[in-house]
Amino acid sequence: MENIGTDILDKVLEAGRACDFRSFSEADVRKALDRERLGPADFAALLSPAAEPFLEDIAKKARKATRDHFGNAVTMFTPLYASNHCENRCQYCGFNAGNDIARARLTEAEVEKEMDSIASTGLTDILLLTGESRRFSDMEYIGMCVRKAAERFSSVGLEIYPANTEDYRHLHECGADYVTVFQETYDPETYAKFHLGGPKRVMSYRFNAQERAIRGGMRGVGFAALLGLRDDWRKDAYCCGMHAYLLQRKYPHAEIAFSLPRLRPTSSHRSDDVKVSESNLLQVAMAYRLFMPFASETISTRESPRFRDGIVGICATKISAGSSVEIGGHSDVKNKGDGQFELSDTRGVAEVREALVKEGLQPVFNDYVRSDRWT
Ligand code: SF4
């Protein structure tokens, strides 16, 4: 595991420790809403309980910020799970190495078949995912998947295990341009409690993945806290925002994205553990928008169609469609391996597209042209 000698983790943990959400008043929230550009204290104020009576005002400002920076465009994409082999024991995840599920990895021919099927829907943005297993999804395998994707799609994102800078450089040369890593939680104690085995136990290596990805040449990086894992979900949202903010200051050229996952039921996690309401999730998404207005926000298929259609009108700028969280499922490669979590929105590309149009939004299939396609 490479050590790049960065101090951002220390700064984020310190910011999290110093933040007391009970100290914010309605006046602090109003002050944050009056500002053109928000600082970390304003961001914390918008996440605090004091902001809850102001959700409509925050939504108005967030909607304007989204329109100012993204117009009415919403990018559509789909995830492709290539493998569900995993060496980690994350207590909330269906792919947990201790779970007795059907494990599988797509063959090269199946990868092509799945991608051809996705490309036939018109989508040009794909997110490749694997469970975290260097044995079953080594760099050669992921590089193969990326090359196949780059032949068919203009934007190739990755959600794989954290890698070293040179691995990211290799994957970038194969055609990947975006790396997303969910930190899950920014509280070292909660992190240790939920990650009981495997390389993911090394929190700092995971935390610094986005920085290594940027150094490896990736165009953009994505961040997420799995909201609800830590009792104080506001603090995880705050630390996630600070993580992105500090990295953006250090690497101003990097594109930044947030994902908005809430803890959902899986075979290893009970549904009555869910602590974050839809209104809480909306509050977090709007606070991210106002703190980092240029960052894109992806709303997960873990959420209901009604919620997803609503939030894209306010602050989310990216939405998946035709999703399958199983290994296979986009083509006649059916259910080769079990899925990671339960989907709440199972709509296909055409349905999501239609819903966006109904909301007065513009579904965008392609917002990026690869430089190797300029000629
Ligand atoms: S959350 Fe990721 S690393 Fe953890 S068990 Fe699931 S797939 Fe593996």
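The values are calculated or read from the model by the stated rules, or taken from the named source; none is laboratory data. Only a predicted model underlies this, so the values are computations on that prediction, with no experimental measurement involved. In this analysis, Cβ positions are derived from the backbone assuming ideal geometry, glycine residues included, and neighbour counts consider all displayed protein chains.
Taking the conditions exactly as written (farther than 26 Å from THR185 by Cα, away from the ligand (no atom under 16 Å from the Cβ) and among the aromatic types (Phe, Trp, Tyr)), does PHE70 satisfy them or not? Taking the combined requirement at face value, the residue satisfies it. Restricted to region 73-99, and to residues there that are crowded, with 18+ Cβ neighbours inside 10 Å and small (Gly, Ala, Ser), the residue that is farthest from the ligand (Cβ to nearest atom) is ALA82. Does ALA102 meet the test of being loosely packed, with under 15 Cβ neighbours inside 10 Å, within 16 Å of the ligand (Cβ to nearest atom) and touching a residue at least 60 places away in the same chain (Cβ under 8 Å)? Judged against the criteria, ALA102 is a match. Exactly one residue among ALA109, ALA59, ALA97 is under 22 Å from LEU282 (Cβ atoms) and of a type in the set (A, V, I, L, M), and that residue is ALA59. In region 24-50, the residues that are surrounded by fewer than 21 Cβ atoms within 10 Å (Cβ to Cβ) form Cβ pairs under 7 Å with partners that are polar (S, T, N, Q), at six or more places apart or across chains, as follows: ALA50/SER25. So in region 352-375, with the set limited to residues that are among the aromatic types (Phe, Trp, Tyr) and surrounded by 15 or more Cβ atoms within 10 Å (Cβ to Cβ), which one is modelled with the lowest pLDDT? Among those that are among the aromatic types (Phe, Trp, Tyr) and surrounded by 15 or more Cβ atoms within 10 Å (Cβ to Cβ), it is TYR368. Evaluated against (1) of a type in the set (Val, Ile, Thr); (2) modelled with pLDDT under 90; (3) within 30 Å of ARG105 (Cβ to Cβ), VAL349 falls short on exactly one condition, (2). Residues that are more than 16 Å from the ligand (Cβ to nearest atom) and either closer than 22 Å to PHE182 by Cβ or of a type in the set (Gly, Ala, Ser) (or both) within region 105-117 comprise ALA109, SER117, listed in sequence order.
Per the listing ALA50, ALA44, the residue uniquely in contact with an Asp or Glu (Cβ under 8 Å, 6 or more places away or on another chain) and at pLDDT 95 or above is ALA50. Is it the case that region 66-74 has a residue that's of a type in the set (D, E, K, R) and under 22 Å from the mean Cα position of the chain (by Cα)? Checked region 66-74: at least one residue is of a type in the set (D, E, K, R) and under 22 Å from the mean Cα position of the chain (by Cα).
The set of residues in region 152-175 being without any contact (Cβ under 8 Å) to a residue 60 or more places away in the chain and under 16 Å from the mean Cα position of the chain (by Cα) consists of VAL156, LEU158, ILE160, TYR161, PRO162. Of the residues making up region 237-265, just one is over 18 Å from LEU282 (Cα atoms), of a type in the set (Ser, Thr, Tyr) and part of a helix (DSSP H, G or I), namely TYR245. Pairs are defined by a Cβ separation below 6 Å, a sequence spacing of at least 6 or placement on different chains, a first member in region 125-142 that is over 14 Å from LEU106 (Cα atoms), and a second member that is away from the ligand (no atom under 14 Å from the Cβ) and charged (D, E, K, R); the pairs so defined are MET139/ASP167.
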